[in-house]
Structures are given as structure tokens and as C-alpha cells.
1. Please work out how much length the chain gains when fully extended from D212 to K228, using 0.36 nm per residue of separation minus the C-alpha to C-alpha distance, in nm with one decimal.
2. Counting only C-alpha contacts under 8 Å and six or more residues apart, can you give the relative contact order of the chain as a whole percent?
3. Roll a 1.4 Å probe over the protein chains and send me the accessible area per residue for the chain in Å².
4. In what sequence, highest mean first, do 125-133, 57-65, 11-19 appear when ranked by Cβ atoms within 10 angstrom?
5. Quickly work out the T9-to-L128 label distance, labels modelled 7 Å from Cα along the C-beta direction, and quote it in nm with one decimal.
6. Sorted from largest down, give the three principal axis spans of the alpha carbons of the range 1-94, whole angstrom values.
7. As a check on your grasp of the helix formula, calculate [θ] at 222 nm for the chain: sum -39500 (n - 2.57) over DSSP H runs of n ≥ 4, divide by the residue count, round to the nearest 500.
8. Which of rounded, prolate or oblate describes the range 35-167 when judged by the alpha-carbon gyration tensor and an a/c cut-off of 1.5?
Amino acid sequence: MDNFTSESTFFLMGFSDVREIQILHAVLFLLTYLAALLGNLLIITLTTKDHRLHTPMYFFLKNLSFLDLCLISITVPKSIMNSLMNHNTISFLGCVSQIFFFFLLASTEVALLTVMSYDRYVAICHPLRYDIIMGHGACVQMVTTSWVSGGLNAILHTASTFSIPMCGPPEIHQFFCDVPQLLSLACSYNIGELVVIGLSLVLDFGCFVFIDISYIYIFSTVLRMPSKEGRHKAISTCLPHLLVVTLFLSSGFFAYLHPLPKSPSLLDLLISVFYTVVPPTMNPLIYSLRNKDIKMGSSTKYLKKS
């Protein structure tokens with residue numbers, strides 16, 4: 001049993017070692033990545049250039065799109081290249097980088113989704129005080145706090161994960177470096193990382209509860225609206241947000257709470273897709289296809305080019 005060093009190499013086992021399945025995986029991931037890339041870049045461009053979209057809601061949405069763009073770029077391109085080249089290795093430093101940036105972006109996204117739920121709560125439940133509460137300075141402070149909290153969480157996870165020696169075959173049964181798989185390679189129980197994971201899950205659960213409470217107030221207010229069009233607009237804006245949050249957090253909770261099986265499980269790979277690939281791809285579709293302001297901005301941009 002050899003300890004790992006900074007010059008070691010990990011093997012990302014991925015979905016299969018069958019060449020045809022590797023090619024299929026690469027094609028599907030490439031199409032998904034391109035869809036996420038184009039969708040998030042479209043939202044970032046529109047919310048930056050269209051002055052009608054310079055509101056707190058779209059300020060947060062632009063930051064969410066940037067996070068999603070970075071989050072999917074941390075794991076998917078490397079997995080695509082490994083499958084196409086039939087070369088499933090990643091360096092020790094590359095693995096450390098994936099862990100750090102994944103937790104930086106994922107933790108920041110959880111915090112930002114919480115902020116977005118608060119923004120919708122204020123907009124719907126306290127519309128007359130919205131401009132005062134959600135001023136530009138307050139929005140910038142909320143986003144900055146989200147990034148700082150994500151950075152601290154990433155440092156703790158990265159430091160604690162690689163703080164003790166790892167032994168055995170350097171095989172990670174995943175398409176990217178994920179903490180549960182790395183913990184299974186540790187020579188002994190990594191108490192520090194388990195404590196950090198526990199604290200992160202508690203904080204994430206707290207964010208989830210805060211989001212749920214916000215939407216309870218939102219839906220109770222929406223149901224009392226006299227305008228049918230107003231109710232429809234509020235629900236169509238909030239339900240997609242709640243769906244993304246639930247999918248993102250529930251799949252993450254499952255991955256980090258359930259014990260790893262002794263033999264590789266396809267279920268673990270599929271669950272990881274739901275918190276690494278699906279949210280960055282679905283967010284642009286949900287917010288652009290169901291949002292009249294985004295559609296209008298996109299149409300205006302197209303007409304100007306024509």
C-alpha cells in the first residue's frame with residue numbers, strides 16, 4: 001500500500017471501459033456541455049447589455065449563470081477528453097484543483113440560490129419596500145458574501161481531504177475527483193473531512209429550510225392575489241427556481257450521506273450527474289424559455305443584428 005504524493009496520478013474509471021460506451025458518453029457530455037455553454041453565455045450577455053434587465057433579479061441570475069458555466073467546465077471537458085482519448089488519468093494536482101473549484105462554485109451556488117429566494121420573497125411579499133431592501137449595494141454585498149463563504153468551504157474541504165495519506169490502487173470510480181470516492185482511498189478514517197462534510201450538510205440544509213420558508217410565504221401571498229395573471233407570473237417564476245434547488249441539493253445530500261458500496265455503483269455515477277451536469281444545463285432553459293423579459297431581450301438583439 002503506497003502513499004500518494006504530489007507526483008501521483010489518479011485513474012478516473014468513469015462509466016465504462018467499453019470503447020463504444022466511452023464514445024457515446026463523450027458525445028452526450030459534449031452536447032450537454034455545448035448547450036450549457038451557449039445558454040449561460042446568452043443569459044450573461046443579455047443581462048449585461050440590456051438595460052431593462054439591470055434589476056436585482058437579473059443581477060443574481062447573471063451571477064448564477066457565471067457560476068453554472070464555471071461549475072460544469074470544472075468536470076465535463078476533462079471527462080470528455082478522457083473518453084475520446086481513452087486516457088482516464090488525472091494528476092494529483094489536477095484532482096486537488098477539481099476538489100477546490102468544485103466546492104468553491106457549488107457552495108457559492110447554494111448561497112446564491114438562497115439569496116435569490118429571498119429576493120423573490122421581498123419582491124412578492126413586500127413589493128413597496130423592494131427598492132429599499134434590494135438596493136444595488138445590498139445585492140453586491142449578498143453576492144460577495146456568497147463567494148466568500150464558498151471560498152472558505154472549498155479551502156476546508158480541500159485541506160481536510162488531502163490532510164492524511166491515501167493508500168491502495170489510485171482508482172476513483174467517478175468521472176471526476178469527488179470527495180466520497182477519495183475518502184474511500186484514505187489509509188484511515190479522515191475525521192477532519194467527515195466533520196467538514198457534516199458542517200457543510202448542516203449549512204446546506206439550513207439554506208434549504210430558509211428557501212422553503214421563503215416559498216411558503218411567497219405562495220401564501222400569491223394565492224391571495226386578485227389578478228390571475230399576477231398569480232401565474234409569480235408561480236411561473238418561483239416554481240422553476242424551487243425545482244432547481246431541490247434537485248441540486250437532494251442529489252448532493254444523497255451522494256454525501258449514503259455509504260459507498262464495496263463495488264462500483266452506476267447509481268453513484270448517475271446521482272453525481274444530477275448535481276454537476278444537470279443544474280448548469282437546466283438553469284438557462286428554465287430561466288430563458290419561461291421568462292418573457294429574457295425572450296424579449298433575445299428577440300431585440302436578433303432584430304438589431306438583422
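1. Working: separation 16, 0.36 × 16 = 5.76 nm, distance 2.33 nm.
So the extension gain works out to 3.4 nm.
2. Numbers: 363 pairs, mean separation 79.6, N = 306.
Relative contact order, the chain: 26 percent.
3. Details: 15640 Å² over 306 residues.
Per residue, the chain has an accessible area of 51 Å².
4. Numbers: 125-133: 11.8, 57-65: 22.7, 11-19: 15.7.
By packing density, highest mean first, the sequence is 57-65, 11-19, 125-133.
5. 6.8 nm
6. Principal extents (largest minus smallest coordinate, Cα): 59, 33, 15 Å.
7. Details: 11 runs with 230 residues, N = 306.
Value at 222 nm, helices only: -26000 deg cm²/dmol.
8. Details: a/c = 3.72, a/b = 1.75, b/c = 2.13.
Cα axes put the range 35-167 in the oblate bin.
The values are calculated or read from the model by the stated rules, or taken from the named source; none is laboratory data. Computed from a predicted structure; not experimentally measured. All Cβ positions, even for glycine, are placed from backbone atoms using ideal geometry, and neighbour counts span all protein chains on display. What goes into the accessible areas is simple: the full protein's heavy atoms, side chains included, and nothing from ligands, DNA or RNA. Shrake-Rupley method; radii C 1.70, N 1.55, O 1.52, S 1.80 Å.
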